[in-house]
Amino acid sequence: MVKVSHLDSIAFFYPIGNTPAVCYTQTLPPDLDTKVALLLLGCGDARSILFTLHSHATAGSSTKLDFTCCDIEAEIIARNILLFTLLLDDRNIELIWNIYYHFHVDNESLALLRSQARKLLSLSTSLESWGQSAYGSLLRFCDTSTFTRVVRLWRFYSLSPSDGAAFSQQQKELKASFKTAKDYRKDVPTHISGLSSAAPCSQLALVDWRNMESSFWESGVATGSRQLFSNSTLLNPMFGGLHISLMLHYGLHPFLGFHAAVGYAKIEPGAGLQPDSPEFQGLCSASRAAATEFRAWAKSFRQISKNVVIRFASADALAFCHVLQQKDRAEGTFWYRDRLHYDPLVLDSPDYVQGSAPASFDVIDTSNLVDHLGLLNLLAGCAPLLVPGAHSAICTETLARLKGSLDVADSLLMGDMPTVALLFGVKAVPYWTNACTFSTLHVTNSDSNPGTYPAGGQCRYPIAWKSIGPCTVSWDPKELAQFLYGMYQRLFQDENFASRLSSCDPFGPGSMRSMFYTRAGLALMLSSIKSFQSVDWKAFMERFIYLVERDRYLDMGPHSIQSLHVHLHTLGLYTAPTFTPDMAGFASKIPRTPLHNWKNIPSTLSLTLVIPQKKLAKIKAKMREIGTQPCQVMLQCSDGRQNCFSDLQIGFGEVKTTGSKYTSDFALTVKPDLKAWQGKSPLIVSTVVPTWTLFYDGDLSTDVIFLFKSTVHSLHMLIRYGIPEYTHTSTLASNDVFLTTNPPNLQGYMHVPLKPTSSSGVDASLSPSSVPDQHIGKVSFNASFDSGATRVSSLTVHVDYTCTEIADHLRSKQEVSVTQPSPFQVEVRIGTTCQQIHLPLPLKIGGRTRVARTSSYIDFIATVASPGYLASRPDSMFPAIISHKIPIIENLPYIFLSCHPILRFKPSPAEWLKPHVLATFSPKEAFLLDMEIHSIRSGSPNAPIHRPASANLRTCFKGDLMHMIFHFAGINNHRQSNVFVLQTPTSKFDRLVLFVDALRLDLNSQTVVLDAAVLNVSAELVSRFGNLLRKIPPGPIIPVADDQLYLWKHALVACAERCREWSHTPECEFLQQGACAPVSLAEGEQFLCSCGMGKFPDGYAPKGVPQWNTLKQHCVRVAIAPVYAVPFVDESLEARTPRASREEEAKFKAWMDMMSMAMFSEMMSAACGGEESEMRERGRSMRTGGGASVPPEGREVESAPCVERCGGCGKDKGAAGKELLQCKTCGTKYCCRECQVKDWKLRHMKVCKKLAAERKG
């Protein structure tokens, strides 16, 4: 009911994953707690659980992991449990692979499958007997129904020819399923999204992929010897199921769930991965990678299994979340297991009855359910289950293409992304930082070759929504109502015909996002918001309903207002007059209707409509063509009044009734028909309606109509294929319409508990342990909207002190200081007491403070920062906060370096690294870098470079990192080096030395990562080891400006935290009063804490550094990865759609070619081979936006024409092709006067004189 219901003749089955495995604990610090609870929604196959356990086992982690796995298909769960038991039994790994991944198997593999299935059946006589078995402590069930379904599937797997008719029926269904899937593949364009499994070196797999995919679907075997291919002729029942309508997805392939880069890139033996092992001889690279990873995962699973619990539930993800929220409710939960069956979801296993199973989670992973259920629905279901702490996160992922735009970001949440996230108690950190470690270049490369490779494919965009903690945020009720009213209009924008018809792509994925939502879903969102926020709820709801009821934007909106009122009432959010006992006067009609015998008739009733299959014949015949159209039930009164209800429960089955019709004891039960469309049972449609609408026509003559929801798309399809608009019409008085107190098979309506809003607010504080608890003020926040109520524009931080001592300090007028160490924190000092507060939204530096000394509170008011503002700051790319007595990084995934293989670059360099690293630059950044290159090549003082400092900061940071990777890997003829020095040209001591030990494949983020040690050359270190430091092997000196060095220090704090395998001590510098991360940015002072100094694995020694044993005691290990633009914030170079124009394609290709030319190599070679002073001057010019650098004497630079560009927009020509205009003071070029005036106001007025002075100098 939460999501729109559709009529589907088939349901795609994903027995094996279609995206590479991820580490589920990537958002958690390594020593956060001894036990971690994880909720996996739409969990799919076992790959990511196995990879997560492999990561922990390889790193020697002792953390206990408690997984709760929910998938709508019991077939997924049955397969996974059987796999886990085979791995625990340490059976033949090749046979296990065949059983789990191959459509067709040989006799030996099938015999093992049947044997294991029978073994599991013998242990499963009851849920209790399973719990007492050898597997019961590790593999557990959340409810009896899931257990029963899984046991039926194990029985299905165990069938053999001796089982007669049952076996024959199994074989018949399997053959039909495989044939249907193969036939479906013929009509679907082939995508090569599978190349994502080989990232970051996907281009190396281009040749292999097409052959591997077709071979698998022809033979049913992915890898193995020729003999295995010839012997694998038997159908694998592990790819079958209980439902005939379940069809294998046409894009399945076993290798998609692995990291094929392990096979294509050259790696050193280690991390349990040895794809070059002799036993894998003769296999293709992807096969070697999958085989070696699967074996390593299996070994780790057995090694760490005693620290793991895995629970299973077969249910719709949203239903499972909402039932978990109220699992302790004595009256029951009253939710269906999924939208297409009438099976109630009841968590009745001993773990939930006794309360030992977790109901709140440190990590909630939703796979790509965003693409199927809608992001807002997921946040409403998941956010209340999240442990309130800075470490907790909801991990979502979309496979839809997102072109870089904040409008696209807002469309995901139907409103301003930060504001909507805040309403659910979470924050989207990537929105603010515009930085991530994940690239989609591998998909774009395949799409950009339409002549050779099929176009299309999926793009993978993960987003981690971090908890803001249990802090209180208060809102103005009218402003909040106005904002949510705007969301309401976008949620149901498909009901505005003018908007849809004027859309450039009315049937595209962006316009279809609103099809996820129903009025029931909206009510559940409001319920979730109420549990998190502080607002005058009565005033808010009255204003919100006022706006909705008077809305004229949605053409069909008034028809669904009763549907909204039903769910607002049942959830206790708002009661309209027609839902009171008097029903706004309509109750007086009851004695004159057939419902007059109904005692204590409630204000809502369940309406169930039974539709014979023959009425659906036309729809069934054209189901493939019309697609999945949203359905609804409409009540049409005799005077033409229409009320529509899209909150439907749909399923095939047989209806049984008890009690007398039109009385309170009348009840309905539904026996499901698993054959669905292939059976003969009728379609049963149920919804909840207001009681007053039923006797609006006193004789129950109101029409009950089942129809497709009226949208541009559905009307187009209905007309094209001749399907009637009204699928089935009846009346309230007909025998196929049933009115009951409760929905079929349930004893009540869905219910969601309203959690009490947190009143402490103290956890928003980041105060170190040295501050007494009584000195910590109670923190709350007040959010204010902009004038149009479209986004939160300012935030008030309110700190209330109840401690007598602090109150006395305030009254005695002791000094009060409120500062911002960063846009993400506020620091309050009263005398010697310091309290740091973690903000739910970043704020611009420079707010105003109000101190109420008599009332003992402090207010700090500031404007919410924009992504553009934050981009100019060195502290916004890698924010870190102090919580749980440790620094917690918010924007980088944690990584166990030991489980990620080391790349090797001999005998030849890894040329695939070039496009992967170059893709870190967004188009804006690439343009700036292009200007720098042209400046260096031309050497002309008359071509000043003028760029925004905000872009300079990040562009140069990414350039520095590119510099390091290219030199370490020896790419583009760069001299190989593993020692790099970051130094400001004006400082003697402010320098950082990086000793790179290895470049690793980061399998989790599908990128590369520098495994390095950082040495902060402080004044103290120079005085102690001056002679030793001078003997460090010479390496490239990277000149950086002050703000660039600050950015590097923030980055290195995060890079040290993300890979640490050590713990912070109570004496840690980060935990001292007033401390933050970095510890200090002052010249020559330590910016990292000392806890990690000298903590390196055995044998860790960067090559060519003979002083390492002495220096390592002052070094900290860091993991530095390329940083990419966030796709929904800023378009990255790879984020181009297949529809890009030839001109756009040509520009992109030209830039990529240019970046790979010897010209660029010459620039970078000069950086590392020239004199230090020469590079300092060049770097200062490049990073401060000064004039062009002149080539040093004796060094020739490849000649090229100087391309002068507009300092405002970057054009190389003026209006109508005329020459560029020129600033009279500094010589900066402009295409037109308008551009010059605009740029002057934005930035040029601040640097014009400085550019002129540098030009003269």
Working out 0.36 nm times the residue gap between E1234 and E654, then minus their Cα-Cα distance, what length gain in nm do you get to one decimal? 201.6 nm
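What number comes out for the charge environment of P350, summing +1 per Lys or Arg and -1 per Asp or Glu over other residues with Cβ under 14 Å away? List each step's numbers first, then the result.
Details: positive: R140, R311, K327; negative: E128, D143, D348, D351.
The answer is -1.
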Output ordering of 1075-1084, 823-832 (per-residue mean of other Cβ within 10 Å, highest first) is 823-832, 1075-1084
Whole-Hz ³J(HN,Hα) from phi, Karplus 6.51 cos²θ - 1.76 cosθ + 1.60, for segment 683-696, glycine and proline x: 7, 10, 10, 10, 8, 10, 10, x, 4, 4, 6, 6, 10, 4
Sort 692-699, 1008-1015 by the packing proxy (mean of other Cβ within 10 Å over each peptide's residues), most packed first. 1008-1015, 692-699
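Between N1027 and S215, what's the calculated FRET efficiency when r is the beta-carbon distance and R0 is 60 Å? Round to 0.05. Before the final figure, lay out the partial values.
Details: r = 63 Å, r/R0 = 1.05.
For R0 = 60 Å, the calculated efficiency reads 0.40.
Between K661 and D328, 0.36 nm times their residue separation minus their Cα-Cα distance comes to what? Walk me through the numbers on the way to the answer.
Working: separation 333, 0.36 × 333 = 119.88 nm, distance 3.35 nm.
Here the answer is 116.5 nm.
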Please give the FRET efficiency for K618 paired with Q1072, using the beta carbon to beta carbon distance and R0 = 60 Å, rounded to the nearest 0.05. 0.20
Residue list for segment 231-264, given a label point 7 angstrom along the Cα-to-Cβ vector of K175 and an amide N cut-off under 20 Å: 231-248
Burial-style ranking of 588-598, 520-530, average other-beta-carbon count within 10 Å with highest first, yields 520-530, 588-598
Label points 7 Å out from Cα along the Cβ direction at A165 and D33: separation in nm? 5.3 nm
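When a/c is below 1.5 the answer is rounded, else prolate if a/b is larger than b/c, else oblate, so apply that to segment 585-741 with a ≥ b ≥ c taken from the square roots of the Cα gyration tensor eigenvalues. Can you show the working numbers first?
On the way: a/c = 2.63, a/b = 1.51, b/c = 1.74.
Since a/c reaches 1.5 but b/c is at least a/b, the shape of segment 585-741 is classed as oblate.
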Measure of size requested: the Rg and Dmax of segment 6-365, with Cα atoms as the atom set and Å as the unit; please supply both. 20.1, 62
I want to check the label-to-label distance for S1080 and E625. Put each point 7 Å from Cα in the C-beta direction and report it in nm to one decimal. 7.7 nm
Which distance in nm do the two modelled labels at R853 and Q678 give, with both placed 7 Å along the Cα-to-Cβ direction? 8.2 nm
Which length gain, in nm to one decimal place, applies between A111 and K538 when the Cα-Cα distance is subtracted from 0.36 nm times their residue separation? 147.2 nm
In the structure displayed, which of K1229/K1249; K599/K661; K3/K709; K64/K327; K1224/K1249 lie more than 18 Å apart, Cα to Cα? K64/K327
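Bear in mind that the values in this text are calculations on the coordinates, not laboratory data. These figures come from a predicted structure and were not determined experimentally. Cβ sites come from the backbone with ideal geometry, for glycine too, and all protein chains shown count toward neighbours.
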